[in-house]
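The values are calculated or read from the model by the stated rules, or taken from the named source; none is laboratory data. The shown structure was predicted, so the numbers you read here are calculated from the model rather than taken from an experiment. Here the Cβ positions follow ideal geometry from the backbone for every residue, glycine too, while neighbour counts run over all protein chains shown.
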Amino acid sequence: MQSDYCVRATCSAALGRGNTVILIKEAHATYDRIEVWNGGMVTIAHDVESEIEAELEEAGVNLLCMSDVPHLFSDR
């Protein structure tokens with residue numbers, strides 16, 4: 001899923017509906033972003049992904065590392 005489209009939109013919509021949202025860090029990806037309005041500068045994909053994670057965390061998304069995931073289900 002593309003970080004700056006699908007992931008951002010899905011997380012934002014879920015937050016807007018009052019859901020608790022968990023996003024696994026680095027479990028999504030995107031493409032390099034060409035900054036057309038900034039002289040064609042390129043922002044590499046990894047930086048775009050990090051920007052999206054920071055934006056979503058600020059909005060209320062809970063970011064977890066993949067190593068945290070098994071602990072979510074340890075009581076089942």
Checklist entry - Going through the stretch 10-50 one residue at a time, which ones are within 16 Å of the chain's Cα centre (by Cα) and of a type in the set (A, V, I, L, M)? => result 13, 14, 15, 21, 22, 23, 24, 27, 29, 44, 45, 48
Checklist entry - For the chain, which fully contained helices (runs of 4 or more DSSP H) count at least 1 residues that are without any contact (Cβ under 8 Å) to a residue 40 or more places away in the chain and surrounded by 11 or more Cβ atoms within 10 Å (Cβ to Cβ)? => result 8-16, 45-59
Checklist entry - How many residues are within 25 Å of residue 72 (Cα to Cα) and of a type in the set (Val, Ile, Thr) when one looks only at the stretch 2-61? => result 8
Item to check | Residue check, residue 61 of a type in the set (Val, Ile, Thr) and at pLDDT below 95 | outcome: no
